[in-house]
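Peer 1: One structure coming up, written as structure tokens, with questions to follow.
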Amino acid sequence: MSEAALLEVGGLDAGYGPVGVLRGVDLSVAAGTIVALVGSNGAGKSTLLRTVSGLLRPSAGTIAFAGEAIAGARPHRIIDLGLLHVAEGRRLFRRQDVHSNLELGLYGTRLDRGEEKRRYDFVYDLFPMLAERPAALAGILSGGQQQMLAIAQALMRQPRLVMLDEPSLGLAPIVVDQVMAVLQRLRAGGTTILLVEQMVEQALDIADRAYVMQNGTMIGSGTPAEIRAGDLIRRAYLGAVSDRPVP
Ligand SMILES: Nc1ncnc2c1ncn2[C@@H]1O[C@H](COP(=O)(O)OP(=O)(O)OP(=O)(O)O)[C@@H](O)[C@H]1O
Ligand SMILES: [Mg+2]
């Protein structure tokens, strides 16, 4: 395991029942960095996050988080170690208000009042638009506000590493910029981030390293400058285009 890696994935195979998706996937996320994970639709990005967070059991390979082997561990144990997953599609309780959704982020923790208050203060400071509307029902918030709330809910547990699956999906460009700014602030505060994004340029703008996936395998990684100078992105996305049947 490389020295400062907080998350280290090696030779990972996983999929859905007998259907294999990930094949021999390696990934290393250094503490205190933002790592971007990009690749075309169906490449296996969400499957990788689901396997790391314990929702899918790998059929081969290793996953280490903060030095602990977690491959095949139950999701709640992985959460308790400080690894949080904000899934695609903002799974909020739409009929509950902002504050209650944040409270649900603390489910199962036993914090004293003072610490709970610090957690709310932290996320309300990070997302002022949530602080303005603590009693608003999640379901009536804009897409951007819902995405902020989904991230804030995960942050209530003060994760060491947060994995975000396409936080920019469906958001206006200016809101995407706000989300990216929040991620940079989180990194500055010491949180490690694994960011799955279709908005490749925006992700490379804030990332320390990036990994490129195609067809269930990792086809390469590097610094944003290396990725921009090379042809991995073009290969990953053109590959997907050429796989489509020609009409
Ligand atoms: N629940 C599921 N059951 C069976 N196969 C699935 C399931 N979810 C995803 N797959 C398949 O696994 C492969 C990888 O999908 P995955 O969702 O991990 O890709 P992705 O890189 O996240 O794509 P996207 O950019 O569209 O979110 C695809 O072939 C997909 O059809
Ligand atoms: Mg996905």
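Peer 1: Just name one of Ile34, Thr51, Gln158: the one whose Cα is farthest towards the positive end of the charge dipole of the chain (beta-carbon charges, Lys/Arg +1, Asp/Glu -1).
Peer 2: Farthest towards the positive end: Thr51.
Peer 1: Whose amide H sits under 5 Å from the amide H of Leu12, counting only residues 5 or more places off or on another chain, with H placed in the peptide plane?
Peer 2: So Leu12 has HN proximity to Gly24, Val25, Asp26, Thr62.
Peer 1: Treating the beta-carbon of each Lys and Arg as +1 and of each Asp and Glu as -1, no other charges, what is the dipole magnitude of region 92-158 about its Cα centre, to the nearest 20 debye? Walk me through the numbers before you get to the answer.
Peer 2: Values: 9 positive and 8 negative charges, 36 e Å.
For region 92-158, the charge dipole is close to 180 debye.
Peer 1: If you take the beta carbon distance between Ala172 and Ala225 as r and set R0 to 22 Å, what does 1/(1 + (r/R0)^6) give as a FRET efficiency, to the nearest 0.05? Could the numbers behind the result be given before it?
Peer 2: Numbers: r = 28 Å, r/R0 = 1.27.
After rounding, the FRET efficiency stands at 0.20.
Peer 1: Would you pull out the residues with amide H under 5 Å of Gly220's amide H, same chain only if 5 or more places away, H placed 1.01 Å from N?
Peer 2: Val212
Peer 1: Can you tell me what the convex hull of the Cα atoms of the chain projects to on average, as an area in nm²? Spell out each step's value before the answer.
Peer 2: Working: hull surface 57.4 nm².
The Cα convex hull of the chain, projected and averaged over all directions, gives 14.4 nm².
Peer 1: Once fully extended, how much extra length lies between Arg235 and Arg94, figured as 0.36 nm per residue of separation less the alpha-carbon to alpha-carbon distance? Provide the component values of the computation, followed by the final result.
Peer 2: Numbers: separation 141, 0.36 × 141 = 50.76 nm, distance 3.93 nm.
Result: 46.8 nm gained on full extension.
Peer 1: Then there's this: Can you work out ³J(HN,Hα) from phi for every residue in region 196-206, in order, using Karplus 6.51 cos²θ - 1.76 cosθ + 1.60 and θ = phi - 60°, giving whole Hz and x for Gly and Pro?
Peer 2: For region 196-206, the Karplus curve yields 8, 9, 8, 7, 4, 4, 5, 5, 5, 4, 10 Hz.
Peer 1: With θ set to phi - 60°, apply the Karplus curve 6.51 cos²θ - 1.76 cosθ + 1.60 along region 105-113 and write out the HN-Hα couplings as whole Hz, x wherever there is a Gly or Pro.
Peer 2: x, 8, 3, x, 8, 10, 9, 6, 3
Peer 1: Could you give the size of the charge dipole of region 29-106 about its Cα centre, using +1 on the Cβ of each K and R and -1 on the Cβ of each D and E, expressed in debye and rounded to the nearest 20? Display every interim value, and only then the final one.
Peer 2: On the way: 9 positive and 5 negative charges, 60 e Å.
Computed charge dipole of region 29-106: roughly 280 debye.
Peer 1: When the Karplus curve 6.51 cos²θ - 1.76 cosθ + 1.60 is applied with θ = phi - 60°, which whole-Hz ³J(HN,Hα) does each residue of region 135-141 get, with x for Gly and Pro?
Peer 2: 9, 6, 5, 4, x, 9, 6
Peer 1: Oh, and also: Return the long-range amide H neighbours of Leu37 (sequence gap of 5 or more, or a different chain), with a cut-off of under 5 Å between placed amide H atoms.
Peer 2: Those lying under 5 Å, H to H, from Leu37 are Leu195, Val196, Glu197, Tyr211.
Read the figures in this text as sums done on the coordinates, not as results from a lab. All values reported here derive from a predicted model rather than from experimental measurement. Note that we place each Cβ from the backbone using ideal geometry, even for glycine, and neighbour counts take in every protein chain shown.
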